[in-house]
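Below is one structure, written out as structure tokens, with a few remarks after it.
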Amino acid sequence: MSMPHQSPAIISDPPYIKPSVGDFPLSVAPMMDRTDRHYRYFIRQITRRTLLYTEMATSAAILHGDREYLLGFSLEEKPLALQIGGDTPSDLATCARIAEDMGYNEINLNVGCPSSRVQNGNFGACLMAQPHRVADCIEAMLKATYLPVTVKHRIGIDQRDRYEDMAKFVQIVSEAGCQRFIVHARKAWLQGLSPKENRNIPPLRYGDVHRLKQAFPHLSIEINGGFTNLEQVQVQRQFVDGVMIGRAAYDNPYLFATADRDIYGEAVTPPTRREVVEAMLAYIDYWAARGLKLNKITRPMLQLFSGQPGSRAWKRHLTEHSCVLGAGSEVICEALSKVLQ
């Protein structure tokens, strides 16, 4: 990848080795308007091993839009999966080749988003009613790339929410070659609830996901929905292969500080919040020198000191000063001095 795609090489780990499916017991969920490249670089200063995802990019946007804006990333963000929305096998196959060429580690098909815009494009959660269409998409992508191709889906949609319906979906799609399924343990109502309401109102049914793993022991089954700490992750790992954390990963990013040690078993000392901030300074100056407004990077950093003395002063200083054109790492240092006295 050429230099415009890269930020400073601050992390100097050995080259990334392609994992086997199931090597990621912990991941951060793909979230629109949340998991952009700057969030991912930031969270990577807290955990090196946790699998990260892009925001969902539609196949049409990838094929016809600003590819660097949509898909550009820094090598330090890896391991990194690209989440795609679409329902046309040939288009998705082309996107898979693009993802491989750009250096992604995995491709994930979105079969879980319930928004009306996504439904109008016939992708996202509505595809749970079309398992053979999803299977065709998976098969086409797997033929186009050596990368793992996974599916993120709900336990069901509307009245099609029996465990048996989900199990049939997984069986059909797995026969096309998909080996990992990330299951949001809430059903989705395609009409009547907003995407935000669909993240909270339908009840969590963890038992259905546990049952799915029992029925398909040869598949990697990852659970998503409602998790806010690593203690919950450890409990769930008794029943499934992995856990995906969503909104809590943005609202309290430091919860991942012990992930590499406690989830991945590495003999490492968790970074302090100060060390996380200091690791961001060169990255911030790199992008500030290229005209990027500081608040594009500091937005996910606002919650770093969540629950800590001085958190309010940290957030206030960043909010007030990071929107100024030309602001750089000096703003971060000033904010840090207010919270760590």
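Checked against (1) aliphatic (A, V, I, L, M); (2) modelled with pLDDT of 95 or more; (3) in a helix (DSSP H, G or I), ALA125 passes all but condition (2). Number of residues in the range 254-281 that are part of a loop (DSSP other than H, G, I, E, B) and in contact with a helix residue (DSSP H, G or I) (Cβ under 7 Å, 6 or more places away or on another chain): the value is 5. When the range 33-54 is filtered for residues that are within 21 Å of THR228 (Cβ to Cβ), modelled with pLDDT of 95 or more and not β-branched (Val, Ile, Thr), the ones remaining, listed by number, are ARG34, TYR39, ARG40, PHE42, ARG44, GLN45, ARG49, LEU51, LEU52, TYR53. Which residue, of ALA93, ALA125, is under 14 Å from MET141 (Cβ atoms) and touching a residue at least 12 places away in the same chain (Cβ under 8 Å)? Every option except ALA93 fails the conditions.
Checking each residue in the range 48-93 for being part of a loop (DSSP other than H, G, I, E, B) and over 30 Å from ALA259 (Cβ atoms) picks out GLY65, ASP66, GLY86, ASP87, THR88. Out of curiosity, is ARG274 surrounded by fewer than 20 Cβ atoms within 10 Å (Cβ to Cβ) and within 30 Å of LYS213 (Cα to Cα)? No, not satisfied. ASP208 - would you say it is of a type in the set (Asp, Glu), assigned to a helix (DSSP H, G or I), at pLDDT 95 or above and within 23 Å of the chain's Cα centre (by Cα)? Spelling it out, ASP208 is indeed of a type in the set (Asp, Glu), assigned to a helix (DSSP H, G or I), at pLDDT 95 or above and within 23 Å of the chain's Cα centre (by Cα). Residue-level analysis places ASP101 among those that are under 28 Å from GLU76 (Cα atoms) and either at pLDDT 95 or above or out of contact with any Pro (no Cβ under 8 Å at 6 or more places or on another chain) (or both). Has the range 235-252 got any residue that is over 15 Å from LEU26 (Cβ atoms), among the aliphatic types (A, V, I, L, M) and either in the same structural domain as ARG180 (by TED's automatic domain parsing) or not in a helix (DSSP H, G or I) (or both)? Checking the range 235-252: not a single residue is over 15 Å from LEU26 (Cβ atoms), among the aliphatic types (A, V, I, L, M) and either in the same structural domain as ARG180 (by TED's automatic domain parsing) or not in a helix (DSSP H, G or I) (or both). On the stretch given as the range 162-204, residues that are modelled with pLDDT of 95 or more and small (Gly, Ala, Ser) total 5. When the range 143-171 is filtered for residues that are assigned to a helix (DSSP H, G or I) and over 18 Å from ASN108 (Cβ atoms), the ones remaining, listed by number, are TYR163, GLU164, ASP165, ALA167, LYS168, GLN171.
The values are calculated or read from the model by the stated rules, or taken from the named source; none is laboratory data. From a predicted model like this one, the values you see are computed outputs, not experimental measurements. All Cβ positions, even for glycine, are placed from backbone atoms using ideal geometry, and neighbour counts span all protein chains on display.
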